[in-house]
Amino acid sequence: MPETNAIIPDLTAPLPTAEQLPTRLLYAIATPVGGAGLPTTAAEGIRAAADRRFLGTVVTMRNRQQEVAPHHFLNIGLHPARWLAQLRFGKKADSGIRKLLTAHVAANQLESGKFDCFHSWSEDCREALQVARRLNIPSLIEIPTWHRNKGQVKPFTTASERKADDTLEHRLTIPRQHTLTEYTLADVILVQSQYAAKSFIAAGIPEEKIFLVYRGVDPSKFRPTVRPADTFRLVFVGALIKRKGVHHILEAWHRLGLKNAELVLVGNIEPEIKPYLEKFAGPSVTVAGFVKRPQDYLESASAFIFPSELEGSAKATFEASACSLAQITTRESGDAVVDGETGRVIPPNDVDALQDAIQWFYDHPEEVAAMGDRARERMVNGFTWDHHRQRLLHAYAYAKQLVATRAAATPSAP
């Protein structure tokens, strides 16, 4: 994929002034706010507008956070339209229904004229973005992974998609064309890594629309402890699936047969990985399953491993860095690791490279410990949730300026 010149805010620059920021933000997301994963990112991001006193309304399925006052939240999880649609189409359609409902409610909110900025997530906002563009309201969409084309060049509608247009299954999902239209309508596209930005450049999205916000981590929650002295303990945290490279980890670990070493896999076991566990998981492999506190495993690790082939910005890589863990990862996993300084960055789907990296970590404990110390320092100095909110504030100011420039260049109707 091509190199990117996406917008990366300078955190040493002054924060935007009140005049540069919106006065009333509408935020919309088709999940709860607060909790694990994406709801955490949303909860932390919303605080940027709340702290600067321009947060208006948050359209969400449910408010599960406590930092921002509840009167800001319009909870639509129990909306009658959602349950009526489920009665007609079944629960399998709930994801698409939630997204379409969120976009519809947000569109109605924008029509009220009470808001001068709109922030949502991909797949959650096409109808609302259409209203925002018509009313010249600055809009931003946040992308949890990559461009929907995943770095490939595709026509707007493929032959297989044309054949699927009339199927019930297609109509109950969010088709790719829906998301591509959102990319066109949004003024600013918020991405969480350089590789995610490159996937948009490869698809022809103008660089000036792409803004890097990265994600954040709480260094008081994820912190270092004493590393194990007698055992080399390599930890993975995430869903146990092929996309995250778990089958390759198991094969590389099996090949090495390291002494006084343990591989710990933390996360839900998906059916596709079970054959690899049966084939490669010997006594030195521990499968912990899903846990509520992954930091308990990170804090007892020697190093972290996450060789995914596609992520927006894997939160586990930031959490591991905050725990002073050097990592073996891929550039496709995000930007938490600086190759050679805070870990090793290898190509995805390369068992040989994975094996070599694990062996090097095993053979060089002092260098690995130093990498881990540098990893935490990097998180504390540039990748906390406070830094995430600073980047968002710059993004809001940037979107406002873009729309003002566009409006000034558009001739007034006679």
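Given N residues in the chain, what is Rg(Cα) / (2.2 N^0.38 Å)?
Dividing the Cα radius of gyration by 2.2 N^0.38 Å gives 1.03.
For helix 351-363, what angle does its Cα long axis make with the longest principal axis of the chain, in degrees from 0 to 90 and rounded to 10?
With rounding to tens, the tilt is 60 degrees.
Where Rh is the Kirkwood radius over the Cα pairs of region 192-262, the temperature 10 °C and the viscosity 1.306 mPa s, what D in µm²/s does Stokes-Einstein return?
This corresponds to a translational diffusion coefficient of 97 µm²/s.
Report relative contact order for region 1-135 in percent, whole number only (criteria: Cα-Cα under 8 Å, sequence separation at least 6).
28 percent
Find, to one decimal place in angstroms, the Kirkwood hydrodynamic radius of region 232-382, where the mean of 1/r is taken over every pair of different Cα atoms and then inverted.
Kirkwood hydrodynamic radius for region 232-382: 14.9 Å.
Let me spell out the model: positive unit charges on the Cβ of Lys and Arg, negative unit charges on the Cβ of Asp and Glu, origin at the Cα centre of region 1-139. What dipole size does that give, in debye rounded to 20?
Charge dipole of region 1-139: 680 debye, to the nearest 20.
Less than 28 Å apart at the alpha-carbon level, and either on another chain or at least 8 residues along: which lysines does that give for residue 92?
150, 154, 163, 242, 244, 274, 292, 315
Report the local net charge at residue 84: Lys and Arg +1, Asp and Glu -1, summed over other residues whose C-beta lies under 14 Å from its C-beta.
Around residue 84, the charge tally is +3.
Taking the convex hull of the alpha carbon atoms in region 265-349, what volume per residue do you get, in Å³?
Here the figure is 110 Å³ per residue.
Given Cβ point charges of +1 (Lys, Arg) and -1 (Asp, Glu) and nothing else, what value in debye, to the nearest 20, does the dipole of the chain about its Cα centre take?
In debye, rounded to 20, the chain gives about 1420.
Among 82, 391, 406, what is the fewest-to-most ranking by other Cβ atoms within 10 Å?
406, 82, 391
Relative contact order for region 232-382 using alpha-carbon pairs under 8 Å, separation at least 6, rounded to a whole percent?
With pairs under 8 Å counted, the relative contact order is 24 percent.
Against the 2.2 N^0.38 Å scaling, with N counting residues, where does region 93-133 land? I'd like the Cα-based Rg ratio to two decimal places.
1.10
Taking only the alpha-carbon atoms of region 321-391, what semi-axes of the equivalent ellipsoid follow from 5 times the gyration tensor eigenvalues under a square root, in whole Å, largest first?
Ellipsoid semi-axes (Å, largest first): 24, 15, 6.
Among 270, 142, 44, which comes first, second and so on when ranked by fewest other beta-carbon atoms within 10 Å?
270, 44, 142
Rounded to the nearest 500 deg cm²/dmol, what is the calculated helix-only ellipticity per residue at 222 nm for the chain, with -39500 (n - 2.57) per DSSP H run of length n ≥ 4?
-12000 deg cm²/dmol
Mind telling me which of 315, 154, 221 comes out most flexible in a GNM of the chain, alpha-carbon contacts under 10 Å?
Comparing 315, 154, 221 in a Gaussian network model of the chain, the most mobile one is 154.
Using the count of nearby Cβ atoms within 10 Å as a rough guide to exposure, how do 123, 19 rank from fewest to most?
19, 123
Percent relative contact order of the chain, based on C-alpha pairs within less than 8 angstrom and at least six residues apart?
18 percent
Of the residues 239, 229, 314, which exhibits the maximal mean-square fluctuation in a Gaussian network model of the chain defined by a 10 Å Cα contact cut-off?
Between 239, 229, 314, it is 229 that shows the largest mean-square fluctuation.
How far is helix 176-185 tilted off the main Cα axis of the chain, in degrees rounded to 10, range 0 to 90?
60 degrees
How far is helix 365-382 tilted, in degrees, relative to the longest principal axis of the Cα atoms in the chain, given as a value from 0 to 90 rounded to the nearest 10?
Once rounded, one gets 20 degrees.
Each reported figure results from applying straightforward, stated rules to the coordinates on display, with no laboratory input. Note that the structure is predicted; figures quoted are calculated from it, not measured. Here the Cβ is made from the backbone with ideal geometry for all residues, glycine too, and neighbour counts use every protein chain on show.
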